[in-house]
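The values are calculated or read from the model by the stated rules, or taken from the named source; none is laboratory data. If you're wondering where the values come from, they're calculated on a predicted model, not measured in any experiment. Heads up, the Cβs are rebuilt from the backbone with ideal geometry, glycines too, and the neighbour counts pull from every protein chain shown. Just the protein is used for accessible areas: all its heavy atoms, side chains included, with ligands, DNA and RNA removed. Shrake-Rupley method; radii C 1.70, N 1.55, O 1.52, S 1.80 Å.
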Amino acid sequence: MKRLLPAYPLWVIDPMFSVWSPSDELNGGDTIFWTGKTRKTFGLVRFDGKTYSFLGRMPGTDALKQEHVSVSVYSTDFTFSCDKFQLKVSFISPLPPEDPEILSCPVCYTEYEIVPQCGRLPEDFSVAIVLDEGYCYEEADGVTGGVIPMQGYEAAWFSRRRNLVMSNTNDCVAPDWGDTYVAGGEAWYIPSSALDKYVQSGVAEYLHINNERHYIMAVEKGAKGRFMTAFDDRISVFYFGEWLKGYFFKDGRTVLDALDFARDKHDEILRKLTAFDKKFRHDCEEIGKDYYLLACAAFRQSVGAHKLVENKKGELLFLSKECNSNGCIGTADVSYPSIPLYLLYNPELVKGMLRGIFTFARMPVWKFDFAPHDIGTYPYCCGQVYGMNWSQDKYNCGNAAGWGDGMYTHPMLYQRPATCDIYDFNYQMPVEECGNMIVMTAAACVASGDYAIAEENFDLLEKWVIYLEKFGLKPENQLCTDDFAGHLANNINLAIKAIVGIESFALLCEKLSKKGADKYYALAADYAVKLKEMAGSGILPLAYGQKDTYSLKYNMLFDKLFGFGLFEGALCERETEYYISKNNRYGVPLDTRADYTKSDWILWCAALTDDKNKAEALYAPIVTYLSETPTRLPFSDWYGTKDGKCVHFYNRTVQGGILVLLLKRSGIMKVK
């Protein structure tokens, strides 16, 4: 059976709860959280005196033979068989971007259908989903749990005994608090001895034993049925003094309401997901071979690594976690590559990415005339933690971000007065973040047709475009979003971002009838001419004056999507042809300095060409990477193009950029 993905998404809810199978066969190994850490889950079938496993490795069971696996936009589907029956199982994560209520309802489905060879079910038949207590904590701790009788079903739950809500901001931690539920016709909170009895006899019963491992289990007894898995983080986000629950809970609903909602609306939700997937598949097939699989690999991961909340003003906040990078929340240069997915299906979510940066940029502690990098570390929006000042004096000794020193939560940096010297300029991304924020704002406004967020924050956008005007054409030695490659002066791709940012600001001025449109359109055009003159003929190098180098010039994208054409079609075609010539087995390297790449940027570059075959030549190696990488984790965006190994970065929201070819096809960004 051909492998499709390095890890298969099963239940994806939010940055705190995301369950994956890293095995070729679903019952060939243990499940993991997105962090890569084992969180054991079992799927069992009791049939005619024997217990079979289809999910996880359960001692004492017979492993069913996996016949097939497929992935759609919201579902991962498996088929199993033995000499007595065939089993179909689907793991469904309802994450439709266009429907905030369903998107934020923290419940996933597991659907099954069993077909007996003899045409009937034996008396002892049952299907069970079992979750190990490791779901409750990052490190071993006591658990508590129970069973709640619902209307027509039961829900078992467990949680860490000392449930320290929002107590840990370390990056690869999930979950370390909150309550996990599994629901079905029957549900049980049981110790290992009771689970062993079920495996041996098919009989579930309550036993109270304190010194054994504990599990929650749901059981169904029909030929067709479904389970629900849910996670309640209790409090989702701290937002500059506001303690916010998830969007679904904003009006006082509880996780039990969420379970009832998911159960009662099941058929309606599945019709919505099925209709979306049908159109999604068709649109992807119009792009090219295997693009549907690639887009599906990105979709749930990107949406599920965000948290949707609403602030006291009634504004949506769609906050990313910078998973397996540094854990930052609401990072501007992580939002930027992700936006194609959200511009296409709900641009209000892009505005929800922008609001936190706008809010923090107005606080006294942020003294710079360029845009911030982030607004804290998930789940705390407490002020930028990136690039902090580590100087050892009485005013700064408590400012350390704590990524390596054992700190678990950060100080309330946003409260600091302007007299504080918290941030080290040398570790900021001034041109990068100014360009990101202006381009994202313009894109969200164009896609939605509503320019209110630009009007409300025009003073900041104007401050940031002035920064680009001063420093954008020839960026000084500084970091950019590809900071793992180090500081770089005269970065041409960064200069392109500045130019596109300037023309995006001109667009906003035009749409808002503000002064400056003509000035900044002319400035962007002038800078584009000068950039090409300084870069020289042929392929655009990595930096001015660096002959025989290249880098992926993905920042030309929105110039093309908006239709400005400052970087003309011939240039884009020449660049993409060159990238194809540099392809290794798993993709084209990011630039001349190393063999690794960024998959999101490859897709942005694939959108620069108008030749379908060239676009496919750029993204096809990523499909190969998915099926061959030895790193069995969620879709990495930073990996080696020769060995296929993940360098770092997985389960990140940036993979929303994979959908850029669909965004281009839609034509919704065209303004010129």
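Only a single criterion out of (1) under 30 Å from Asn324 (Cα atoms); (2) without any contact (Cβ under 8 Å) to a residue 24 or more places away in the chain; (3) of a type in the set (D, E, K, R) is not satisfied by Arg3, namely (2).
Could you tell me whether any residue of the stretch 516-527 is basic (Lys, Arg) and touching a Gly at 6+ places or on another chain (Cβ under 9 Å)? Within the stretch 516-527, none of the residues are basic (Lys, Arg) and touching a Gly at 6+ places or on another chain (Cβ under 9 Å). Just checking, which of Glu98, Glu139 is at pLDDT 95 or above and open to solvent by 50 Å² or more (accessible area, probe 1.4 Å)? Answer to the check: Glu98.
Of the residues Thr51, Thr79, the single one that is in a strand (DSSP E or B) and touching a helix residue (DSSP H, G or I) at 6+ places or on another chain (Cβ under 8 Å) is Thr51. Give me the helices (runs of 4 or more DSSP H) completely within the stretch 585-672, filtered to those with at least 2 residues that are among the basic types (Lys, Arg), ordered by residue number. Output list reads 612-628, 660-666.
Ser18 fulfils the conditions (1) under 18 Å from the mean Cα position of the chain (by Cα); (2) in a loop (DSSP other than H, G, I, E, B); (3) surrounded by 24 or more Cβ atoms within 10 Å (Cβ to Cβ) except for a single criterion, (2). Return a yes/no flag: does the stretch 281-304 have any residue that is out of contact with any strand residue (DSSP E or B) (no Cβ under 8 Å at 6 or more places or on another chain), in a loop (DSSP other than H, G, I, E, B), open to solvent by 10 Å² or more (accessible area, probe 1.4 Å) and under 21 Å from Leu95 (Cα atoms). The answer is no; no qualifying residue exists. Counting only residues that are part of a strand (DSSP E or B) and either charged (D, E, K, R) or more than 14 Å from the chain's Cα centre (by Cα) (or both), the stretch 21-43 holds 6 of them. Would you mention how many residues in the stretch 151-170 are part of a loop (DSSP other than H, G, I, E, B), open to solvent by less than 30 Å² (accessible area, probe 1.4 Å) and not polar (S, T, N, Q)? Counting residues in the stretch 151-170 that are part of a loop (DSSP other than H, G, I, E, B), open to solvent by less than 30 Å² (accessible area, probe 1.4 Å) and not polar (S, T, N, Q) gives 2. If you filter the stretch 459-487 down to residues that are of a type in the set (A, V, I, L, M, F, W, C) and open to solvent by 20 Å² or more (accessible area, probe 1.4 Å), you find that the one that is nearest to Asp595 (Cα to Cα) is Ala485. Pairing residues of the stretch 250-277 that are open to solvent by 60 Å² or more (accessible area, probe 1.4 Å) with residues that are in a helix (DSSP H, G or I), at Cβ distances under 8 Å and at least 6 apart in sequence or on separate chains, gives Arg253/Phe261; Lys265/Ile102; Lys272/Ile102.
Residues of the stretch 184-205 that are within 16 Å of Asp62 (Cβ to Cβ) and open to solvent by less than 40 Å² (accessible area, probe 1.4 Å): Tyr198, Val199, Gly202. His208 meets the conditions (1) modelled with pLDDT of 90 or more; (2) surrounded by fewer than 23 Cβ atoms within 10 Å (Cβ to Cβ); (3) out of contact with any helix residue (DSSP H, G or I) (no Cβ under 8 Å at 6 or more places or on another chain) in every case but one. The failed one is (1).
Just for the stretch 218-242: of the residues that are open to solvent by less than 10 Å² (accessible area, probe 1.4 Å) and in a loop (DSSP other than H, G, I, E, B), which one is nearest to Ala128 (Cα to Cα)? Within the stretch 218-242, the match that is nearest to Ala128 (Cα to Cα) is Asp233. If you take the residues of the stretch 517-544 that are open to solvent by less than 30 Å² (accessible area, probe 1.4 Å), of a type in the set (Gly, Ala, Ser) and touching a Leu at 6+ places or on another chain (Cβ under 9 Å), which of them is farthest from Ala442 (Cα to Cα)? Ranking the candidates gives Ala543 first. Here Cys108, Cys118 are screened, and the one residue that is without any contact (Cβ under 8 Å) to a residue 60 or more places away in the chain and not in a helix (DSSP H, G or I) is Cys118. Annotation note: Cβ proximity below 8 Å between a residue of the stretch 418-444 that is over 25 Å from Phe484 (Cβ atoms) and at pLDDT below 95 and a residue that is charged (D, E, K, R) and open to solvent by 10 Å² or more (accessible area, probe 1.4 Å) (sequence gap 6+ or interchain) occurs for Ala418/Lys367.
For Thr609, the test of being open to solvent by less than 10 Å² (accessible area, probe 1.4 Å), in contact with a helix residue (DSSP H, G or I) (Cβ under 8 Å, 6 or more places away or on another chain) and polar (S, T, N, Q) is passed.
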